[in-house]
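Taking it in order: structure first as structure tokens, then the write-up.
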Amino acid sequence: MLEQVGSLIGSPWIYAVVALSILLDVFLPVLPSGVLVITVATAAAAGSATDVPDILALTLCAATASVLGDLVAYRLAWRGGARLDRAISRSRRLTAAQERLGAGLARGGGALVVLARFAPAGRSVVSLGAGAAHRRARDFLPWSALAGLTWAVYSVALGYFGAHWLGASWLATAVSVGALFGAGAGAAYVMRREPQASEAS
């Protein structure tokens, strides 16, 4: 993958590829947008300042695309709320996730939105759930922006510093991707534990 990405590194098209991948993965969580961001950051760390994307620009591109994707999903779910509600109600897991989201936003616990950005498919559930439930944009979007920026900084930092510490190799990419998946597993665990803690209290 590093070789394929390398052919785009010197071109501004790399930003478009990264942005498109992140925009679409709110609807298609199987897209490896996190892996792509890490790979580009790893390749960037290995190059010179004249032939690699700027790390700050890559971070802002990833964060902006994340927030825009959330906003599109939120607005689509808002408009198709009744239909989406029926689809969600058929899944006990999605219904529980939507209820947790609503409770979290209602009590100002927008940290749930940030956690969900790292959890597998969490971004999709949160963005679509917030729109379908007609949560206020001012309650959701600032947390979405923080989530997108946090995820982008973390992903770019993993690739960039992983390459500096381990070299721009498959090992560096694999370790960085493992750390991203580890954060996702941790976020999913915390999100599952939170309702139990609330019920116990």
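Length gained on full extension, Thr150 to Arg138: 2.4 nm, using 0.36 nm per residue less the C-alpha separation. The length gained by stretching the chain between Arg75 and Ala157 to full extension, at 0.36 nm per residue less their Cα-Cα distance, is 26.5 nm.
Rule-based calculations on the coordinates, nothing more; no lab input. None of the values given here were measured: they were computed from a predicted structure.
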